[in-house]
Amino acid sequence: MLTMGVDIGSTASKAVIMEDGKRIIARQLVAVGTGTRGPSEVYKKILEEAGVNRSGIARIVATGYGRLTFAQADRELSEVSCHGKGMRFLCPRVCTVIDIGGQDAKALLLDDRGNLENFIMNDKCAAGTGRFLEAMSRVLDVQVEDMGRLSEKSQNPVSISSTCAVFAESEVISRLSSDEKVEDILAGIHASVAKKVSGLAARVGYRPQVAMSGGVAKNKGIVRAMEQELKCGILVPEDCQMAGAIGAALFAYQDMTRHESAADERAIYRKGEKDDE
Ligand code: ADP
């Protein structure tokens, strides 16, 4: 049985097709998110890659910021549910998931069975999100994909003291004009994001194994800075940015074979907390 998970994010559209809830047979990412060509393009591409049409897919679950706008879905589920489920599939012993996406960051705690025990999310402040890093990449004229590698050259990280994204941008401009090295500024930016996000992990009561999901986990500088803040190793699966879509495809399979996921979802929402800083 084939099921599809689609994650319509703020920044990127992701889709996977899984066979019998066990094996990923196709994965696609289009680097634009909700309200753009991203959702329809990723849907078209994933069906093409798998060589099937809609009737060949038993069920589609959509997740992510733009999930309610994805008309092809049979059901929508929250990102916290799907990221937790997807990461347990990718990292079977993970207990804490830290997800940094385009416009939010969250820390999820999973119990021994992989069910969501608690979560904390920051979607009110740009600092500590991919959008903040993208803004910094523009100021520094460095591609986001290169930020991690470049920051690893830093010998003298610059401290970025502003906790607000707007002020931090001005601070970075002022550091540039005082001839600080780009790699040292980048290391400072990564440390400031890690400080903000590790606060969420601390509040959720993180415990090993810790793993990161979301596109920002591809930035090795962020992962290293998070490891320093949390004082533990962090797993980053190859499919880190696909975790939400994988979780959605797994829930779609579960829907076809069991009837528990609706109740799970309601319980999760009673437990979770939003960080409104
Ligand atoms: P969303 O679901 O909100 O769209 P994603 O989890 O897809 O978010 O992550 C998108 C973010 O990941 C963007 O801010 C993007 O800049 C960042 N990103 C994507 N690929 C990379 C990479 N190779 N290196 C660093 N950052 C990346």
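The values are calculated or read from the model by the stated rules, or taken from the named source; none is laboratory data. This structure is a prediction, so every number in the text was calculated from the model and none was measured. So basically every Cβ, Gly included, is an ideal-geometry build from the backbone, and we count neighbours across all protein chains shown. Heavy atoms of the whole protein, side chains included, go into the accessibility calculation; ligands, DNA and RNA do not. Shrake-Rupley method; radii C 1.70, N 1.55, O 1.52, S 1.80 Å.
I need the full set of residues from segment 146-169 which are at pLDDT 90 or above and either assigned to a helix (DSSP H, G or I) or among the acidic types (D, E) (or both), in order please.
Once the filter is applied, which keeps residues that are at pLDDT 90 or above and either assigned to a helix (DSSP H, G or I) or among the acidic types (D, E) (or both), segment 146-169 yields D146, M147, G148, R149, L150, S151, E152.
Just to be sure before I move on: is E117 at pLDDT 90 or above and in a helix (DSSP H, G or I) in the structure I sent?
Answer is no for this residue.
Among the residues of segment 49-72, which ones are assigned to a loop (DSSP other than H, G, I, E, B) and open to solvent by less than 20 Å² (accessible area, probe 1.4 Å)?
I57, G64, G66, F70
Quick one: is G114 farther than 20 Å from E227 by Cβ, of a type outside the set (K, R) and open to solvent by 10 Å² or more (accessible area, probe 1.4 Å)?
It is true that G114 is farther than 20 Å from E227 by Cβ, of a type outside the set (K, R) and open to solvent by 10 Å² or more (accessible area, probe 1.4 Å).
Conditions tested, residue by residue: (1) among the basic types (K, R); (2) open to solvent by 60 Å² or more (accessible area, probe 1.4 Å); (3) modelled with pLDDT under 95; (4) more than 16 Å from the ligand (Cβ to nearest atom).
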residue: A187; (1), (2), (3), (4): no, no, no, no
residue: R203; (1), (2), (3), (4): yes, yes, no, yes
residue: A248; (1), (2), (3), (4): no, no, no, no
residue: S261; (1), (2), (3), (4): no, no, yes, yes
residue: D264; (1), (2), (3), (4): no, no, yes, yes
residue: E277; (1), (2), (3), (4): no, yes, yes, yes
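Going through S170, S198, S178 one at a time, which residue ends up being open to solvent by less than 30 Å² (accessible area, probe 1.4 Å) and either under 14 Å from A105 (Cα atoms) or away from the ligand (no atom under 13 Å from the Cβ) (or both)?
S198
Conditions (1) out of contact with any Ser or Thr (no Cβ under 9 Å at 6 or more places or on another chain); (2) closer than 16 Å to S10 by Cβ, marked per residue:
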site	(1), (2)
V30	no, yes
G38	no, yes
Y43	no, no
R88	yes, no
T96	yes, no
F119	yes, no
D123	no, yes
G130	no, yes
